[in-house]
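The values are calculated or read from the model by the stated rules, or taken from the named source; none is laboratory data. Keep in mind that this is a model prediction, so the values were computed, not measured. FYI the Cβ positions are ideal-geometry reconstructions off the backbone, even for glycines, and counts take in every protein chain you see. SASA here: full protein model, heavy atoms, side chains in, ligands and nucleic acids out. Shrake-Rupley method; radii C 1.70, N 1.55, O 1.52, S 1.80 Å.
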Amino acid sequence: MNLNTKTAHELHKLLQSKEISAVELAENIFSQIDKTETEIGAYLTITKDNALKTAKAVDEKISRGEKISALEGIPCAVKDNICTQGIKTTCASKILENFIPPYNATAWQKLQAENPVLIGKTNLDEFAMGGSTENSAYHVTKNPHDLNRVPGGSSGGSAAAVAGGEAIFALGSDTGGSIRQPASFCGVVGLKPTYGRVSRYGLVAYGSSLDQIGPITRDVADCATVLNEIAGFDEMDSTSVNTELPDFTKALVADVKNLKIGLPKEYFIKGIDSEVENSVRNAAKIFENLGAEIVEISLPHTEYAISTYYLIAPAEAATNLERYDGVSYGERVDGVDVVEMMTNTRTEKFGEEVKRRILIGNYALSAGYYDAYYLKALKVRTLIQKDFTDAFKTIDLILAPTAPTPAFKLGEMTSDPLKMYLQDVFTVPLNLAGLPGISIPCAMTQNNLPIGFQLIGKALDEMTILKAAYTFEQNN
């Protein structure tokens, strides 16, 4: 039985009925890793001994006749910028190459309480800065659908692990599309929750007003199940939202009748890949046939989202990364005095993209430029948020492409950062507005590459996007 292609809910039934054991399932995943990991490169750390130990404990629980939770014994992966106590957390950076956190991120701690089997920590663009997982200090991750193409980023390792059968589900983080874009490129489901819905405590900070942890899964049902476990208020995170938590699995109802779905005209721009546009418009037709009403809407400030994001995110990154100086945090490179030591440390241990964003951020925050760049970007962010608020007065959901193209070739954009940044054109507005969004697969290109579309919801309305995504999945 090929277990590594099944969903968590399918495997849960097989475990409960004792048709398979948790150890057998974990070994099946490790066997797949042995076959494909040298080509895909999804992981930075593999925790085989601990995984088999957890799986054995789950089997003992089942043999005693005890019930297991929905994710118990299910193999999972965690992006390597999410702190895992006793397990290396490098952020794919040389500056943290030997960092072993003394504590767990809240999201992982909550998930760990459900007893899933942690297979390992996944590769990413260094400090989550990038859209292709080519900026890792350790190795490049490849797309399981085509090893000559990127898996997306920055959660490329998590998406590739799930798509390649090297994990059943994974945690990623999304600052400007870093869960949704890799999900689209790898043909899996990726959810960015509302800002504050999932605690950021223990997520190594990139852009503190933008970052959000979320699930990458095989289907929408698994997405809802994982979200149930990681969401909720956390007093350790000052931006955590203290509100009643719904049971997200109750959204798994195939019904979109009377839902009003908006298609933003600014998301179907010149330069968008024709197969992507046709697939997303076709998805809109499927929703219409299922009883939803499709209306064209306008989000007029969309064209400024990239510029706004690439001022705010680097400004926050520059501030967050100040601590990596070889004294407070990070691997140290010696120098004749403290200034040279800090300079050497940051020069040698940070990669090119991280340095680029630190420079942009510090420039935007510097005296004389603060008002012209950073302050102006904050004002435009407010306008982008208002666009969504106005749109949601008349509609329930927004349907849009996740990325303007399918997965691009390895090395295709590394020499042109601006071209790479423009890949985020459809994903960053959500992060600026703090809204939830899910990317789900809708088609394959003629070259057999996945295409995903995203559903964008009102703040704290993950239920509606999960319901619509589930309905589409059941009818596509």
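Considering only residues that are over 19 Å from P193 (Cα atoms), in contact (Cβ under 8 Å) with a residue 40 or more places away in the chain, in contact with a helix residue (DSSP H, G or I) (Cβ under 8 Å, 6 or more places away or on another chain) and open to solvent by less than 10 Å² (accessible area, probe 1.4 Å), which ones fall in the range 84-115? Across the range 84-115, the qualifying residues are T89, T90, C91, A92, S93, I95.
From the list K13, K6, K56, which one is under 16 Å from R218 (Cβ atoms) and surrounded by fewer than 18 Cβ atoms within 10 Å (Cβ to Cβ)? Of K13, K6, K56, the one residue that is under 16 Å from R218 (Cβ atoms) and surrounded by fewer than 18 Cβ atoms within 10 Å (Cβ to Cβ) is K13. Summed over the range 303-360, residues that are basic (K, R), out of contact with any helix residue (DSSP H, G or I) (no Cβ under 7 Å at 6 or more places or on another chain) and surrounded by fewer than 18 Cβ atoms within 10 Å (Cβ to Cβ) total 2.
Hey, any hits in the range 220-241 for a residue that's under 23 Å from N475 (Cα atoms) and either in a loop (DSSP other than H, G, I, E, B) or free of Cβ contacts under 8 Å to residues at least 60 places away in the same chain (or both)? No. Looking across the range 229-266 at every residue that is at negative phi and among the small types (G, A, S), the one that is most open to solvent (accessible area, probe 1.4 Å) is identified as S238. Screening the candidates I465, I451, I456, I398 for the property of being crowded, with 24+ Cβ neighbours inside 10 Å and closer than 22 Å to S208 by Cα yields one hit, I456.
Conditions tested, residue by residue: (1) modelled with pLDDT under 95; (2) open to solvent by less than 10 Å² (accessible area, probe 1.4 Å); (3) under 21 Å from T7 (Cα atoms).
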position: A160; (1), (2), (3): no, yes, yes
position: A163; (1), (2), (3): no, no, yes
position: E166; (1), (2), (3): no, yes, yes
position: A170; (1), (2), (3): no, yes, yes
position: G176; (1), (2), (3): no, yes, no
position: P182; (1), (2), (3): no, yes, yes
position: C186; (1), (2), (3): no, yes, yes
position: V189; (1), (2), (3): no, yes, yes
position: T194; (1), (2), (3): no, yes, no
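The range 101-209 holds helices (runs of 4 or more DSSP H) entirely within its bounds, and those carrying 1 or more residues that are within 22 Å of D273 (Cβ to Cβ) map to 156-163, 180-186.
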